Each structure stands twice: as C-alpha cells, then as structure tokens.
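**Q** Below are the structure tokens for one structure; questions will follow.
The values are calculated or read from the model by the stated rules, or taken from the named source; none is laboratory data. Here the structure is a predicted model, which is why all the values come from computation and not from measurement. Note that each Cβ is placed from the backbone with ideal geometry, even for glycine, and that neighbours are counted across all protein chains shown. The protein model used for the area step is the full one, side chains on, heavy atoms only, and it has no ligands, DNA or RNA in it. Shrake-Rupley method; radii C 1.70, N 1.55, O 1.52, S 1.80 Å.
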Amino acid sequence: MTTAVTALRSRPDMGRRRSALPSLEPWLYLGPALILLMTVLLVPLIVGISYSFRKFSAFKSEYVGLGQYQAMFSDPLLGQALYNTLWWTVGSLFFQFFLGLGLALLLDRPFFGRKLVQAVVFLPWAVPSFLSGLTWAWLFNPIVGPLPHWLYALGLKAEPTNILSDPSIAMWGPIIANVWFGVPFFAITLLAALKSIPSELHEAAAIDGASPWQRFSKVTLPFLAPTITITVMLRTIWIATFADLIFVMTSGGPAGSTNTVATYIYVSAFKSLDKGYASAVAVLLLVLLILYAVVLIGIRRSLARNS
C-alpha cells in the first residue's frame with residue numbers, strides 16, 4: 001500500500017488528470033449539440049457577411065469591398081423600408097403585448113369555460129403564418145370577405161374597399177393579422193409567469209389595504225418584469241425579421257407602403273438576384289437589432305439596480 005501511495009505521489013500529473021475529468025465530462029456531452037449549433041448558426045452568418053462585400057450578377061461575382069454598404073446610403077427604397085419596419089414592429093408589438101397581458105390576467109382567474117377560452121386564445125399560434133396571411137387577405141377582400149363591409153357599416157370607411165390597396169392605410173392590414181397571430185405568444189408566456197407568483201403576496205397586500213391597481217403595480221409587475229423584457233425583446237426581433245405575412249398579403253405594395261427591410265431583403269436576393277446587396281441590408285438589420293437588444297437589457301439592469 002505504501003508503495004502504491006508513493007508511486008501516485010511521484011506522478012502528480014495522474015492526479016491532475018483524474019481531477020480534470022469531472023470538469024470535462026459536461027462538455028463531452030454538450031459537444032455534439034454545440035458543434036451542430038455552431039455549424040447551423042455561425043456558418044450561414046459568416047457566409048452572409050462575406051456575400052455583403054461582393055456584387056453578384058447572373059454568371060459571376062466580384063469583390064467590391066464596402067461598395068454595397070455605400071450604396072445603401074443613397075437608396076431611397078431602403079429608407080422607406082426602414083420607416084415601414086419601425087411602424088410595422090411598434091404597431092404589432094404594442095397591441096400584441098397589451099392584448100396578451102390582458103388575456104393572461106383574465107386566464108389567471110378561475111371562471112366557467114376557462115379551458116375552452118384558453119384553447120381558443122392559443123389556437124392562432126398553431127396556424128402556419130402563410131395560411132394566416134392568406135386568410136386575412138381574403139377577409140380584407142370586399143368581394144369574398146366581410147371586413148370591408150363591417151368597416152363601412154360602422155362608418156369607419158366611406159365605401160367597402162380593400163384597405164390593402166390603399167397606400168395610406170395598407171400597413172394596418174398586416175399589423176392586424178400579425179396581432180392576431182402573435183397575441184398567444186405573450187398570453188402563454190405571461191400566464192406562465194403569473195402562475196409562478198406566490199398567492200401569499202397578493203393576500204398579504206390585500207390585508208394591508210392595497211387596491212387592485214397597487215397589487216398589480218407593486219406585486220405583479222415586478223415579478224413579470226424579467227419575463228416581459230425577454231418576451232418583448234424576442235418578439236421585436238421576430239417581428240422585424242418577419243416577412244411571411246406581408247409578402248403573402250401585399251408583396252410589399254401598394255407603392256412600397258408595406259415594404260419592410262425583411263421583404264426588401266427577400267426581393268433583392270431572389271427577384272433582383274442581387275445577393276450581395278441583400279446581404280449588406282441583412283447585416284444592417286442585424287446590427288440594429290443587436291443594438292436594440294443591448295439597450296433593452298441595459299435599461300432592464302439599471303431598473304433592477306434602482307428598484
């Protein structure tokens with residue numbers, strides 16, 4: 001026994017190897033998944049960024065350096081697309097969040113038929129976006145859809161016409177469709193966060209004489225704040241890069257009034273066949289979304305420190 005211990009002490013590298021094995025074991029299990037994620041995410045990103053430094057034609061490509069990025073500064077269509085993207089994202093996110101929060105608060109309370117209402121509320125999230133866009137385009141069509149006639153009956157329109165053909169209000173069509181499609185996301189996530197709030201906190205606040213608004217603002221909202229930050233950030237990124245509904249309903253028209261950066265990238269890459277310029281615009285959108293995420297997380301951390 002003494003000889004074995006002496007031999008082990010004389011070989012300290014063996015002891016270090018044995019102590020290092022437990023720390024390496026999790027990485028061995030995670031290795032295949034990490035390699036797959038790196039391949040699926042990083043490789044297309046690197047290829048896309050490299051495309052932005054080239055100009056593609058039908059049969060060849062050439063290196064142009066920052067030429068594609070310089071062209072963006074003099075592109076009026078891109079400026080309109082950025083404005084439309086802001087309108088599309090803010091309008092959709094505003095209604096999705098507050099309607100989702102209202103539904104989550106409603107479903108957090110027991111009432112007759114709650115499971116049925118919950119299933120109906122969550123149903124739009126299961127419908128493919130292509131089918132949602134096609135359905136809403138039919139609903140806004142005055143020949144086969146009821147919505148223009150309802151708007152006319154309510155006095156909101158002078159005649160039952162398709163709002164998707166009016167450049168001044170065409171964006172509201174995809175926004176309404178996107179609100180219907182995206183409300184379940186906020187309802188599901190916020191309802192799960194509401195279920196995690198201890199009921200004793202609300203009971204204690206009620207005993208102390210807090211009003212319903214005070215219980216909501218002082219108890220519910222602080223617990224929901226982390227979930228709200230993550231969901232708002234994720235949904236903003238998804239909406240800004242979401243081109244399915246708009247392309248199915250309007251194809252970016254009329255007169256470019258619903259053309260967002262995401263649809264502009266698609267048209268530039270697959271219709272104009274300018275993959276280099278489309279990649280440059282995609283890099284611009286990526287940078288803007290990263291800056292947005294950094295600012296939002298910074299605001300959340302500063303509020304958490306001051307609270």
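**Q** Taking all protein chains as present, what is the carbon and sulfur share of the accessible area of the stretch 138-192, in % to the nearest whole number, probe 1.4 Å?
**A** Whole-percent figure for carbon plus sulfur exposure: 71.
**Q** Among the lysines, which have Cα under 23 Å from the Cα of Lys218 when same-chain residues fewer than 8 positions away are ignored?
**A** Counting by Cα, and skipping residues close in sequence, Lys218 has these lysines nearby: Lys195.
**Q** Moving on. Report the one residue of Pro76, Val144, Ser132 whose Cα lies farthest in the direction of the positive end of the charge dipole of the stretch 11-146 (charges on C-beta: Lys and Arg +1, Asp and Glu -1; origin at the Cα centre).
**A** Ser132
**Q** Heavy atoms only, probe 1.4 angstrom, no DNA, RNA or ligands counted: give me Lys157, Lys60 ranked by accessible area, highest first.
**A** Lys60, Lys157
**Q** Shifting gears a bit: Measuring with a 1.4 Å probe in the full set of protein chains, what accessible area per residue, in whole Å², belongs to the chain?
**A** Ligands and nucleic acids excluded, the figure is 61 Å² per residue.
**Q** Next question. Leaving ligands, DNA and RNA out of it, rank Asp166, Asp75 by accessible area with a 1.4 Å probe, largest first.
**A** Asp166, Asp75
**Q** Please report Rg over Rh for the stretch 217-300, where both radii come from the alpha carbon positions and Rh follows the Kirkwood definition.
**A** Here the Rg-to-Rh quotient is 1.13.
**Q** Treating cross-link reach as a plain straight distance, find the lysines whose alpha-carbon is under 24 Å from the alpha-carbon of Lys55, omitting any fewer than eight places away in the same chain.
**A** Reachable lysines: Lys271, Lys275.
**Q** Counting other Cβ atoms within 10 Å, which chymotrypsin sites (Phe, Trp or Tyr not before Pro) in the stretch 57-93 have at most 10 and lie in a DSSP loop?
**A** Answer by residue number: Phe59, Phe73.
**Q** Residues of the stretch 71-106 with backbone nitrogen within less than 19 Å of a virtual label 7 Å along the Cα-to-Cβ line of Ile299, please, listed as ranges.
**A** 83, 85-101
**Q** Quick one: accessible surface of Phe98, probe radius 1.4 Å, all protein chains present, in square angstrom to the nearest 10.
**A** Surface open to solvent at Phe98 totals about 110 Å².
**Q** Would you indicate which of [x] 146; [y] 258; [z] 280 is the value of volume of the Cα convex hull per residue in Å³ derived from the coordinates of this structure?
**A** Label [z] holds the value from this structure.
**Q** Measuring from label point to label point, each 7 Å out along Cα→Cβ, what is the Ile230 to Phe98 span in nm?
**A** 2.6 nm
**Q** Under a cut-off of 12 Å between alpha-carbon atoms, report the aspartates and glutamates in cross-link reach of Lys60, not counting same-chain residues fewer than 8 places apart.
**A** Partners within reach: Asp274.
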